[in-house]
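Bear in mind that the values in this text are calculations on the coordinates, not laboratory data. Note that this is a predicted model, so its numbers are computed, not measured. As a convention, Cβ positions derive from the backbone with ideal geometry for all residues, glycine included, and neighbour counts pool all protein chains shown.
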Ligand code: EPU
């Protein structure tokens with residue numbers, strides 16, 4: 001028997017607690033999804049087919065610009081389970097709704113290495129593969145084994161290997177061909193019992209030296225990453241933000257050299273294909289935006305790449321600021337910044 005829709009979903013819910021930019025907007029329909037079965041029941045309901053769907057994890061990479069006239073599915077599927085173990089590795093299956101940072105700290109406490117550099121990234125574990133989260137020299141793809149998702153059209157479970165996910169810089173198949181087509185329900189990570197720590201990132205190295213640590217543990221790295229992030233990025237519980245608002249642009253060498261002529265100090269990191277990644281934060285700071293307050297919004301005083309909600313900002317105000325920043329970076333450097341944040345119009 002088909003359940004009444006009201007038993008499965010709520011109506012007219014304010015999404016402010018569900019997005020870290022703290023934007024108050026209304027969702028026409030909303031459901032907190034606790035299990036895969038619950039999810040399948042919602043997807044199978046005829047009324048769901050009439051609604052536009054939006055899948056929400058921790059809401060830490062999303063900008064709402066208007067009320068959402070469809071159905072928001074807030075994925076709250078939990079669970080942590082070791083599914084395989086060898087002398088060297090552990091395969092951990094994690095429910096998509098598990099908080100990412102708590103998952104990281106659990107691994108750190110167990111002595112399982114691989115995710116310590118990704119400490120304190122806001123959001124859920126299910127959202128981590130969507131944009132292939134990355135920080136301090138490590139990306140999710142480095143520890144990713146496989147994931148399970150539910151196909152929105154058919155309601156069937158689908159497995160995805162690492163290759164299937166087509167991971168790239170802040171990118172995956174789930175932001176492209178499969179956008180809006182599947183919902184991640186479980187992620188399996190392959191962690192290491194014999195840590196090979198990644199301390200290549202300059203800020204980690206200098207912090208280790210400062211603390212006189214020559215043989216760091218997984219916990220040392222995690223603690224240092226937490227301290228670095230706390231010093232550079234605003235805590236979303238205090239100041240609304242969605243982390244880096246734009247991606248770091250990757251430009252050809254000749255474009256980089258052209259900028260360098262006028263700005264000899266421009267930072268750049270060579271990629272495998274000889275292209276150069278330029279920190280968007282530097283471009284935005286150079287364009288005069290760092291720490292600027294514009295109405296209820298602005299950029300963070302310690303990190304120009306982070307747009308903040310100083311309180312009461314609307315999504316449209318934030319979008320307007322983002323556009324102004326894009327225009328001035330484009331005018332000054334002839335580089336188009338692409339948002340990293342998912343903008344819902
Ligand atoms: N910079 C400035 N001014 C600023 C900010 C940065 O000049 O206001 C320059 C500095 O030269 C600095 C460099 O940019 O050395 C890099 O800055 P940072 O180390 O803060 O890293 P990022 O490139 O701005 C990326 C990720 C972050 C991740 C950090 C650390 C992207 C879009 N962002 O930021 O990820 O935490 O590296 O690995 O790739 C996120 O995705 O939301 C995020 C926070």
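Some values worked out for this structure:
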read-out	value
Shape box of region 5-75 [Cα atoms, principal axes, largest first, Å]	31, 21, 16
Overall Cα dimensions of region 35-137, principal axis frame, Å, largest first	50, 30, 17
Whole-Å distance, taken between Cα centres, linking region 328-345 and region 288-325	13
Highest to lowest packing among 260-269, 94-103, scored as the average C-beta count within 10 Å	94-103, 260-269
Space enclosed by the convex hull of the alpha-carbon atoms of region 266-341, per residue, Å³	94
Between region 98-160 and region 23-89, the Cα center-to-center distance that results, in Å	16
P(r) weight above 27 Å for region 188-345, C-alpha pairs, percent	38
Mean residue ellipticity (222 nm) of the chain, computed from DSSP H runs ≥ 4 via -39,500 (n - 2.57), nearest 500	-7500 deg cm²/dmol
Cα gyration tensor of region 71-211 - equivalent ellipsoid semi-axes, whole Å, descending	27, 17, 14
Modelled FRET efficiency - R0 41 Å, residue 106 with residue 3, Cβ distances, 0.05 increments	0.75
Rounded Å value of the spacing that divides the Cα centres of region 207-237 and region 244-266	28
Principal semi-axes in Å for the chain [√(5λ), Cα gyration tensor, largest first]	33, 28, 18
Listed peptides 299-308, 44-53 by packing density, highest first (mean Cβ within 10 Å)	299-308, 44-53
